[in-house]
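Report on the following structure.
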Amino acid sequence: QVQLVESGGGLVQPGGSLRLSCAASGSITRFNTMAWYRQRPGKERELVAGITRGDIPNYADSVKGRFLISRQNAKNTVFLQMNSLKPEDTAVYYCNAKLWKPVISAETDYWGQGTQVTVSS
């Protein structure tokens, strides 16, 4: 079984920073991609940032230059450093892991429980 546990969410003022952590129950190097998604009020879940097994990151346009995704493989943990936060960043943030399964020639998604981030004055 795969377990992903997010932490680090909370209330922060606009312009502030938070760092989210996602701890996996096992090695994260088995996953092709680790990612952060978020679901804002009234919106569908969306990709925020992802990082490949080879440490290649990608970001949604809305967070480029403000957020940074990183990983510490030895700690089985992926991070999302969020800077210059805006009220529109308010959302539940979810950790995601994509596992390639050759037997079905497809990736399987695993999800954490989510952590709330609220950006408000």
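Take the Cβ-Cβ distance between Gln1 and Ile56 as r, set R0 to 30 Å, and report the resulting FRET efficiency rounded to the nearest 0.05. Before the final figure, lay out each step's value.
Working: r = 27 Å, r/R0 = 0.91.
Plugging the Cβ-Cβ distance into 1/(1 + (r/R0)^6) gives 0.65.
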**Request:** Determine ³J(HN,Hα), in whole Hz, for all residues of the range 108-121 in sequence, where each value follows from phi through the Karplus function 6.51 cos²θ - 1.76 cosθ + 1.60 and θ = phi - 60°; x replaces Gly and Pro.
**Result:** 10, 9, 10, 10, x, 7, x, 9, 7, 10, 10, 10, 7, 6
**Asked** What residue among Ser62, Ser105, Ser70 shows peak mean-square fluctuation when the chain is described by a Gaussian network model with Cα springs under 10 Å?
**Response** Ser105
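Size of the dipole of the range 75-121 about the Cα centre, Lys and Arg at +1 and Asp and Glu at -1 on the beta carbon, nothing else charged, in debye to 20? The partial results should precede the final answer.
On the way: 4 positive and 4 negative charges, 36 e Å.
Dipole about the Cα centre, nearest 20: 180 debye.
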**Message:** Given a 10 angstrom Cα cut-off, can you work out which residue in Pro57, Pro41, Pro14 is the most mobile in a GNM of the chain?
**Reply:** Pro41
**Item:** Point-charge dipole on Cβ atoms (K/R +1, D/E -1) for the chain, about Cα centre, debye to 20
**Value:** 180
**Prompt:** On the accessible surface of the chain, probed at 1.4 Å, how many percent belong to carbon and sulfur atoms?
**Reply:** 49
**Where the chain is the region considered: accessible area per residue in Å², 1.4 Å probe** = 52
**Message:** Pick from Ile51, Ile104, Ile28 the residue whose mean-square fluctuation is largest in a GNM of the chain, springs joining Cα atoms under 10 Å.
**Reply:** Ile104
**Request:** Give, in nm to one decimal, the length gained when the segment between Ser70 and Gln113 is fully stretched (0.36 nm per residue of separation minus the Cα-Cα distance).
**Result:** 13.5 nm
**Prompt:** What's log10 of I(q)/I(0) for the range 7-89 at q = 0.22 Å⁻¹, Debye sum over Cα points only, no solvent?
**Reply:** -1.09
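The values are calculated or read from the model by the stated rules, or taken from the named source; none is laboratory data. Note that the structure is predicted; figures quoted are calculated from it, not measured. All Cβ positions, even for glycine, are placed from backbone atoms using ideal geometry, and neighbour counts span all protein chains on display. Just so you know, the surface numbers come from the protein's heavy atoms only, side chains and all, with ligands and any DNA or RNA stripped out. Shrake-Rupley method; radii C 1.70, N 1.55, O 1.52, S 1.80 Å.
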